[in-house]
Amino acid sequence: MLNLTPFNSQPHGDPIARIVATLVAYAIKDAAREIHIQPLPESRGASIFYRLRDGEDPQEQLKVPFYVLKPLRDHLEKMADEDGSFEVDLVSEKHQISLSYVLEMSVQSARDGETIVLKLDGKFNPPSQ
């Protein structure tokens, strides 16, 4: 389970874990349906895309260097259950809300390597009284 404080992660610790937490937090903030991590040609790195609505083309958000790809995939695989999914909880004590997301990871073959797709499925948890 990945716990996120409101749209930031711990300032210290594993840089790959911080990248994953940041990608997921901003995808949730932007109401994305999917996160695509797609290799660039000639091993120049990878582009990160968010798909906001079904049927729309993914929108590029940022690029990461090539050396980040393998550790990023390894970290996601370590987080995932046998079925390729993992849970994310986003809690805001200030706003007294909690959001739970299940991320389903799949890997698809692409011309320049493998594209990682994370599908987000979330639900709002009302505050407990």
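The values are calculated or read from the model by the stated rules, or taken from the named source; none is laboratory data. Worth saying up front: this structure is predicted, and the values here are computed from it rather than measured. Every residue, glycine among them, receives a Cβ derived from its backbone with ideal geometry; neighbour counts consider all protein chains shown.
Annotations for the structure displayed:
- Unique match (being out of contact with any strand residue (DSSP E or B) (no Cβ under 6 Å at 6 or more places or on another chain) and either surrounded by 15 or more Cβ atoms within 10 Å (Cβ to Cβ) or of a type in the set (Lys, Arg) (or both)) among Arg44, Arg51: Arg44
- Selection of the stretch 89-129 for residues being surrounded by 15 or more Cβ atoms within 10 Å (Cβ to Cβ), at pLDDT below 80 and charged (D, E, K, R) yields an empty set.
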